[in-house]
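Note sheet for the following structure.
Bear in mind these aren't lab numbers, they're just calculated from the coordinates by the rules spelled out. These numbers were taken from a predicted model, which means no experiment stands behind them. Counting neighbours? That spans all protein chains shown, and the Cβs are built from the backbone with ideal geometry, glycine included.
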Amino acid sequence: MISENKKLAIPLLIVFVFCFFTVTLWIPKVIKAAKNEVTITGEVIDSSCYIKMGAKGTDHKECAMICVKAGIPLALLEDKTGMVYMLASNREFESSQVKFQPLENFVAHKVMVKGKLYEKGGQKLLEISSVEKVK
């Protein structure tokens, strides 16, 4: 006959295993989601001229505005690392230029952008939730 302790041990072991696997599968998703939320400070640039020629700053603002009006995507050049982040709206089928109309007012300015960071194939995309000029 199985003792009372052994009868109790099997259900407790099942509950423990269930809880262990639930927590180990859930926690990485929470940590990953938290890591995606970022605040990045940098300069709004036109992606084409910066990537081709390194053009940025107030000396390049007039050209950047022409590029933006021609449909060249804006990007964020991070101050600390020099990384370039493509910018996107946090709404489907909406340009970041539309969401933060007119985003081109931020060209050649230092800004603080908050949003979710996505990376794939070496490309970084920042889904903007807010943007503001920094002095």
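If you take every DSSP beta bridge whose two residues both sit in the stretch 37-133, what share of them, in percent to the nearest 5, is antiparallel? Before the final figure, lay out each step's value.
Values: 25 of 30 bridges.
Among the beta bridges of the stretch 37-133, antiparallel pairing accounts for roughly 85 percent.
Per the Debye formula with a single identical scatterer at each Cα and no solvent contribution, what log10 I(q)/I(0) holds for the stretch 37-133 at q = 0.18, 0.22 Å⁻¹?
-0.75, -1.16
Mind ranking 117-125, 58-66 by how tightly packed they are, going by the mean number of other C-beta atoms within 10 angstrom, highest first?
Values: 117-125: 10.6, 58-66: 14.9.
The densest-packed peptide leads the list: 58-66, 117-125.
Quick check on my link table: of 52/135; 52/114; 56/133, which ones sit more than 25 Å apart, alpha carbon to alpha carbon?
Values: 52/135 28 Å; 52/114 27 Å; 56/133 16 Å.
Listed pairs above 25 Å: 52/135; 52/114.
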